[in-house]
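The values are calculated or read from the model by the stated rules, or taken from the named source; none is laboratory data. Nothing here was measured: the structure is a model prediction, and the numbers come from that model. Every residue, glycine as well, gets a Cβ built from its backbone with ideal geometry; the counts of neighbours run over all protein chains shown. Surface accessibility is based on the protein's heavy atoms, side chains included, excluding ligands, DNA and RNA. Shrake-Rupley method; radii C 1.70, N 1.55, O 1.52, S 1.80 Å.
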Amino acid sequence: MSDLCEAPAAAGFTRWRLVAAFRRALLIVFVFGQTLVACYYLLWVLPYHGGTWLELAILGLFAVLYAWIAVGFWVAAFGFLFRLMGGDRYSLLRRHRDRDLQSVPLARTAIVMPVYHEPVHWTFSGLKAVYRDLERSGHLEHFEFFILSDSREPDTWLAEQAAWHELVRELGAEGRLFYRRRPVNLNYKSGNVADLLRRWGRRYKYMVVLDADSLISARTLVKMVRLMELEPRVGILQTNPNIINGQSLFARLQQFANRFYSPLFATGLAAIQMGDAAFWGHNAILRVRPFMRHCGLRKLRGPGIFGGPIMSHDFVEAAYMGRAGYEVWLEPGLGESFEESPPTLSDELVRDNRWAKGNLQHLWIMLTAPGLRFAHRMAFLNGVMAYVASPLWLLFLICTTIEAARMTLAPIDYFPDGHQGLFPLWPEWRPEWALALALSTVVLLFLPKILALVDAIFHRLVKGFGGLGRLTVSVLIEIAVSVLLAPLRMLAHSRFVLAALFNVSLKWAGQNRTEETTWSEALRTQLPGMMIGIGWSAFAWSLDRLFFLWSLPVALPLVLAVPTSVLLSRVSIGRSLKARHLLVIPEEQAPLAILEDARAARAQPQPCTGLRPVDRAVLIPDLNRLHWSLARDHRKAVREDNLKAAVTRCLKSGPDTLSASELSQVLQDQSSLAELHRKAWCAPPSGYWGRRIQRLTRENDS
């Protein structure tokens, strides 16, 4: 069916919208009903029963946070019920039998991978595995691949170009695997994809977006295209990626939690969102023409963080697709879709810092963008709360600490602020109600994990996680570590939100970007949180022993933040647990072909050389010709005198005498590349290039 004939979802009211409205109404009733009951209990737990402004603030914060937790609980509960019933009969996969899908012809599809300073060999090996899997399936002719680079460092993008050329040669992928690097990095990843679509988007009916660490099997790619062919109202179809390749203890915990718990949460979320789902930016297929027509991202015009280019594009593009009348679906049944996790807590927090800014921007879009569907506005709110919940929790803890101090240190006030009348307001304490309220919160947080265990037993999945005994131990380990990490994330996310809102950078210490965290790095990063935890515990001890005990679940993880960060980053601990079949996932027990291909390609030894990519680009004739063919006549954009001076300095003393900008300009200019190659080979043996030629000669001889 031609795209020109496709009718958007707004053309008619489909049955799923009525079902979705009922399910969402049910969710709202459960969440707000439960929250009202919890707030009633809290009113009776508070000494003055909400009779002071401080207690009203505590009540308001508690209501928002309890409702936020309740949403997650009921989404998991919905997912558990739907999985018990065999799945959601309104999902896209349940609408079409496998036999019907297999007869659907494929359409031309672009597989797009934007990259920005990624590990070149690792990233390209993953794309190679996807290519090989499609080749084995016999459907390669319908797919073309694009590597879209925004890398700025010359050594990185030169290595990318060389690796791409070698990959094309190895795969025989001429005319099917393309590389393009933008000379100007505008609007982040979304700008990179938009630039591709403006130039070549009309060649393709669909586009599959991958991250640098993404893997999707040929079976899933083909099924996605066929589902889109059968469902012309669908603009975006999102898979539920599973985390793989975890090595450190932290990464293996994230991998296990994602693989074990996400079926419940993803199934519940898909059942509630239905055709108003979100787009997660990768491991999804998009209908190109409506995406090009309706999903362009203009700069925001608000103040501070709410102005400028949109940093987190995916939710916005899904909302714009829905506004245009197309459906956006999350389909948990589309398996064999993978991504990777940051190896350490520090690396995760670096990523969260970026995501927090992008998600906060969505608040402005949610409030000001016209015509968005209510479900997509709620998706924006959900993303905002993922980070705003942390400063709200911190504020809640501060308020409860002030209340405890006030009750302990100040005399009883029988006529508190806001209380009117002739009769005093007697403070009351109900510790049994407080305990019941705390237990209900614990149930909301941890019962979904127990439901996931029941679900695994019911569906006979425990073998893939190491057996029932080891699976139970793995769940307990994950729960214990999640309790330790929650206060650390709360403080970090609070800092990120404040930095974004005030448009300032609030740094406690540099972030770790290595595979493992050292003790000194952890101390620099976590020292502020440790001091807060120690100070708060000491203050709680001085106030009241019972309040001290209540503070321990938050204070103790902060005090233990340094060893927690270090030990979680250790690869040896992760491997030791894996050897004992703890925190394992089914894909490790029975690896898929695409995962084996990626692992084998990434394990291939790389040639050891002392030459950096810039040196190789200048000296090696084949590489110099490759980079020359990808360059242009840059002297039209840059003053010729400046380029000549830069080339002269580079020939005399090497590339380190140039700035990154100057070096990039030289390496993007055809005449400069040719001149560097010609004159470097004539350089004296004692000079920079002479020594590099000697090293290259020894390398070739060995």
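A few remarks follow.
- The average projected area of region 366-412, computed from the convex hull of its Cα atoms over all directions, is 4.8 nm².
- Where GLU166, GLU339, GLU348 fall by accessible area, highest first, once all protein chains stay in place (1.4 Å): GLU166, GLU339, GLU348
- Region 436-555: Cα Rg divided by the 2.2 N^0.38 Å rule of thumb: 1.39
- For LYS644, the lysines whose Cα comes closer than 17 Å to its Cα, not counting residues fewer than 8 places off in the same chain, are LYS636, LYS652, LYS679.
- When Rg and the Kirkwood Rh are both derived from Cα coordinates, the Rg/Rh ratio for region 620-702 amounts to 0.99.
- Whole-Å semi-axes of the ellipsoid equivalent to the chain (Cα gyration tensor, √5λ, descending): 48, 33, 26
- Cα-only radius of gyration and Dmax that characterise region 109-158, units Å: 12.4, 38
- Annotation: per residue accessible area for region 543-702 equals 53 Å², rounded to a whole number [probe 1.4 Å, protein chains only].
- Estimated inter-spin distance, SER576 and ARG354, nm [label 7 Å along Cα→Cβ]: 3.3
- Heavy-atom accessible area order for ARG108, ARG199, largest first, 1.4 Å probe: ARG199, ARG108
- Rounded FRET efficiency, nearest 0.05, which uses the C-beta distance separating SER659 from ASP100 and R0 of 41 Å: 0.10
- Listed by chain and number, the aspartates and glutamates whose alpha-carbon sits under 17 Å from that of LYS463, ignoring those within fewer than 8 places in the same chain, are ASP455, GLU587, GLU588.
- Averaging 1/r over each pair of different alpha-carbon atoms in region 273-335 and inverting the result gives 12.7 Å, the Kirkwood hydrodynamic radius.
- ARG17 accessible area, 1.4 Å probe, all protein chains in place, Å² to nearest 10: 30
- Over the chain, relative contact order from alpha-carbon pairs under 8 Å, at least 6 apart, %: 17
- Label-point separation in nm, ARG625 to GLU135, each point 7 Å along Cα→Cβ: 2.3
- Using only Cα coordinates, the Kirkwood hydrodynamic radius of region 122-186 works out to 12.6 Å.
- Where region 203-254 is the region considered: accessible area per residue in Å², 1.4 Å probe: 21
- Links that overshoot a 25 Å alpha carbon limit, given the list LYS205/LYS299; LYS223/LYS449; LYS128/LYS449; LYS128/LYS189; LYS299/LYS357: LYS205/LYS299; LYS223/LYS449; LYS128/LYS449
- Rounded to whole Å, the principal axis extents of the Cα atoms in region 9-127 read 68, 45, 32, largest first.
- The largest accessible area among ILE620, ILE534, ILE285 belongs to the first residue in ILE534, ILE620, ILE285, and the rest follow in falling order (1.4 Å probe, all chains).
- For the chain, calculated [θ]222 nm from helices alone, where every DSSP H run of n ≥ 4 adds -39500 (n - 2.57): -20500 deg cm²/dmol
- With only the Cα atoms considered, region 658-702 has a convex hull volume of 88 Å³ per residue.
- Note, ³J(HN,Hα) from phi for region 348-359, Karplus 6.51, -1.76, 1.60, rounded to Hz, x at Gly and Pro: 5, 5, 4, 5, 5, 4, 5, 5, 4, 5, x, 5
- Interchain or long-range residues, amide H under 5 Å from VAL234's placed H: GLU327
- Charged side chains reduced to their Cβ positions (Lys and Arg at +1, Asp and Glu at -1) give the chain a dipole of some 1440 debye around its Cα centre.
- Cα shape, region 144-297, gyration tensor, a/c 1.5 rule: oblate
- Rounded tilt (10° steps) of 188-200 against the dominant C-alpha axis of the chain: 50
- Vicinal HN-Hα couplings computed from phi for region 690-697 (Karplus, 6.51 cos²θ - 1.76 cosθ + 1.60; Hz; Gly/Pro x): x, 5, 5, 5, 4, 5, 5, 5
- Spherically averaged projected area of region 207-286 from its Cα convex hull (nm²): 5.8
- When restricted to Cα atoms, region 550-647 yields an Rg and a Dmax of 25.5, 70 Å, respectively.
- Whole-angstrom gap from region 307-358 to region 236-251, using each part's C-alpha centre: 13
- Spherically averaged projected area of the convex hull of Cα atoms, region 108-218: 6.4 nm².
- Accessible surface of the chain [probe 1.4 Å, protein heavy atoms]: carbon and sulfur percent: 62
- All Cα pairs of region 31-101, percent lying beyond 20 Å: 52
- Angle in degrees between helix 218-230 and the longest Cα principal axis of the chain, rounded to the nearest 10: 70
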